[in-house]
Amino acid sequence: MTTNDTSVPPQETLTEVDQALSAQSIDPETEQDRRQAGKMHLLSSVLRKVALVLILTAAGTFLFQGWAGWNSVERIFAFLGFTASLAATGAICGLRYKDSKGARVSLGITAAVIPVAFSQTGGLLYSLFESGTHYVPEVLRFTAPSLSAALLTVAAVVALLTPISFIAFSALGRVEAKLLTALYIAGNLSLLLPTRDPTLIGLTAMLLIALTLFIDVMQFHRHPELRTFEGGLSRILMHVPFAILVVRNLALYSVSTILISCLFTVTAAFLFVVVPQISTDRRLSRLCQAMSTVPAAIAWATFANALFFEQGALLPLPVEYEIPLRALPVSIILVLMSFFTLGTATAYRKTAAFVAVGAMGMQLLTVPGVVSAFFCIVTSTVCIGSGCVMEEKGLFHAGCVGLLLGVLYHLRYAIGFFGGLGPWVSLAIFGIAILLLSSYLEKNYRPLLQKLSLLKQNFDSWA
């Protein structure tokens with residue numbers, strides 16, 4: 001009888017134990033190096049934060065100190081020098097010391113303060129065309145000594161800050177650095193407009209925010225690199241010129257309905273676009289996006305009022321068009337939001353459908369007529385068709401409700417019209433219709449029931 005000896009020789013066992021112990025042992029020098037590296041990393045992080053506080057304090061001092069003996073042009077060029085120094089600091093940190101974190105901190109601050117220089121230069125240009133009297137604190141007032149000095153300052157600001165912007169966004173959002181730079185400079189150029197008319201500023205701000213959001217959704221959102229902290233910061237910076245444009249007029253100059261609409265637009269854009277980019281909490285992001293529908297609706301309602309219905313409106317229209325022009329674009333906005341929301345897209349589209357149908361129903365009640373009924377039917381038909389294409393019950397139900405309202409109004413109108421010809425006419429029409437319906441059902445009820453059953457099965461599978 002033979003047995004298989006599977007035991008391991010003692011010498012091999014001791015060797016394996018020694019290897020395991022040596023693998024688990026920690027070299028004191030290596031551990032000491034790690035602790036030293038950890039301390040230095042913490043020290044570097046703390047020093048960056050201290051530097052951030054000091055630099056921001058310096059920027060505030062640049063903006064609000066007395067500037068004794070300096071004229072407006074010299075103040076702007078001093079701030080340009082400060083901005084260039086920040087950019088150079090970032091370049092030294094990145095290229096000389098290979099410290100990417102320090103470089104991003106410095107270049108991030110640089111990009112953030114660029115709109116300040118453009119706003120200052122805009123004040124310089126405005127002083128050449130100022131016609132109204134506005135109270136502006138002396139520290140924020142910029143007066144051009146001459147047209148040539150103002151134009152020279154504009155050229156210097158654009159020529160210096162454009163490449164600095166590109167350097168900054170190359171560190172913060174390299175994948176789209178060129179487009180980020182172009183959009184940022186375009187937004188900052190709007191701060192150079194030599195006017196403070198609230199309507200013109202409001203329209204410019206609306207155009208700017210629409211362009212920024214369109215490019216952000218269609219281009220920037222596609223890149224995972226621009227959904228990081230630095231990428232999110234780059235995308236947020238795109239909205240800074242817009243915010244300055246609006247807040248500057250609200251704080252220092254006159255206000256208009258369009259400008260108020262811009263404020264609600266900023267709020268909606270922040271809740272729907274910005275919060276999901278900077279928050280890791282998906283539930284919070286969905287909640288903020290849902291909340292953004294309210295300021296978005298108010299923004300359009302106030303904008304429509306300024307555009308069409310208030311005294312001195314740009315395109316005045318009769319009050320009969322007020323409900324459709326206020327409500328239907330809100331439905332379109334909700335539908336557009338549904339394609340980019342983190343929440344339930346069906347809920348957005350369902351709300352949009354009921355807002356549209358409800359608005360046309362209100363129009364039918366407040367401005368009765370065949371035209372109102374016709375538009376109610378058209379809107380409802382669009383909702384029914386969209387519900388069938390997207391296979392969504394909410395759109396289909398809303399369309400059916402609106403279609404019923406429009407058809408009933410037309411039927412009431414028809415009854416009133418034919419009733420005026422005589423009671424026998426309406427009775428004869430309904431009698432003939434019922435007779436034709438009974439004949440159709442007698443011969444076609446089976447295929448009709450089959451079609452209804454198939455339709456019900458398809459409808460049950462919809463969202």
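The values are calculated or read from the model by the stated rules, or taken from the named source; none is laboratory data. The structure displayed is predicted, hence computed values, not measured ones. Glycine also receives a Cβ, built like all others from the backbone with ideal geometry; neighbour counts cover every protein chain displayed. All accessible areas refer to the heavy atoms of the entire protein, side chains included, with ligands and DNA or RNA removed. Shrake-Rupley method; radii C 1.70, N 1.55, O 1.52, S 1.80 Å.
Summary of computed values
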{"read-out": "Residue in segment 378-385 that is small (Gly, Ala, Ser), part of a helix (DSSP H, G or I) and surrounded by fewer than 20 Cβ atoms within 10 Å (Cβ to Cβ) present", "value": "yes"}
{"read-out": "Condition check for LEU336: within 24 Å of LEU259 (Cβ to Cβ) and either outside any helix (DSSP H, G or I) or over 18 Å from the mean Cα position of the chain (by Cα) (or both)", "value": "no"}
{"read-out": "Condition check for ARG227: in contact (Cβ under 8 Å) with a residue 12 or more places away in the chain, closer than 30 Å to ARG282 by Cβ and surrounded by fewer than 17 Cβ atoms within 10 Å (Cβ to Cβ)", "value": "yes"}
{"read-out": "Residue list for segment 344-365, filter: modelled with pLDDT under 85 and either open to solvent by 60 Å² or more (accessible area, probe 1.4 Å) or over 14 Å from GLU320 (Cα atoms) (or both)", "value": "LEU365"}
{"read-out": "Residue that is farthest from ARG248 (Cα to Cα), among those in segment 210-222 that are in contact with a helix residue (DSSP H, G or I) (Cβ under 8 Å, 6 or more places away or on another chain) and modelled with pLDDT under 85", "value": "HIS221"}
{"read-out": "Segment 192-207: number of residues that are under 21 Å from the mean Cα position of the chain (by Cα) and surrounded by fewer than 22 Cβ atoms within 10 Å (Cβ to Cβ)", "value": "4"}
{"read-out": "Residue within segment 264-273 that is among the polar types (S, T, N, Q) and open to solvent by less than 60 Å² (accessible area, probe 1.4 Å) present", "value": "yes"}
{"read-out": "Lone unmet requirement of (1) open to solvent by 40 Å² or more (accessible area, probe 1.4 Å); (2) over 25 Å from SER261 (Cβ atoms); (3) in a helix (DSSP H, G or I) for GLU322", "value": "(2)"}
{"read-out": "Any hit, segment 253-260, residues being open to solvent by 10 Å² or more (accessible area, probe 1.4 Å), within 30 Å of GLY123 (Cα to Cα), under 11 Å from the mean Cα position of the chain (by Cα) and of a type outside the set (Val, Ile, Thr)", "value": "no"}
{"read-out": "Within segment 166-191, tally of residues that are under 22 Å from VAL217 (Cβ atoms) and open to solvent by less than 40 Å² (accessible area, probe 1.4 Å)", "value": "13"}
{"read-out": "Unmet criterion (only one of (1) surrounded by 18 or more Cβ atoms within 10 Å (Cβ to Cβ); (2) more than 26 Å from ALA156 (Cα to Cα)) for THR212", "value": "(2)"}
{"read-out": "Extreme residue, nearest to GLY358 (Cα to Cα), among residues of segment 311-323 that are within 27 Å of the chain's Cα centre (by Cα) and in contact (Cβ under 8 Å) with a residue 40 or more places away in the chain", "value": "ILE323"}
{"read-out": "Test: residue in segment 93-101 that is surrounded by fewer than 16 Cβ atoms within 10 Å (Cβ to Cβ), modelled with pLDDT under 80 and not in a helix (DSSP H, G or I)", "value": "yes"}
{"read-out": "Enumerated helices (runs of 4 or more DSSP H) restricted to segment 255-302, each holding at least 2 residues that are closer than 17 Å to ALA205 by Cα", "value": "257-269"}
{"read-out": "Test: residue in segment 216-235 that is farther than 18 Å from GLY173 by Cα, under 17 Å from the mean Cα position of the chain (by Cα) and in a helix (DSSP H, G or I)", "value": "no"}
{"read-out": "Residue check, PRO316 open to solvent by 70 Å² or more (accessible area, probe 1.4 Å) and either modelled with pLDDT under 90 or not in a helix (DSSP H, G or I) (or both)", "value": "yes"}
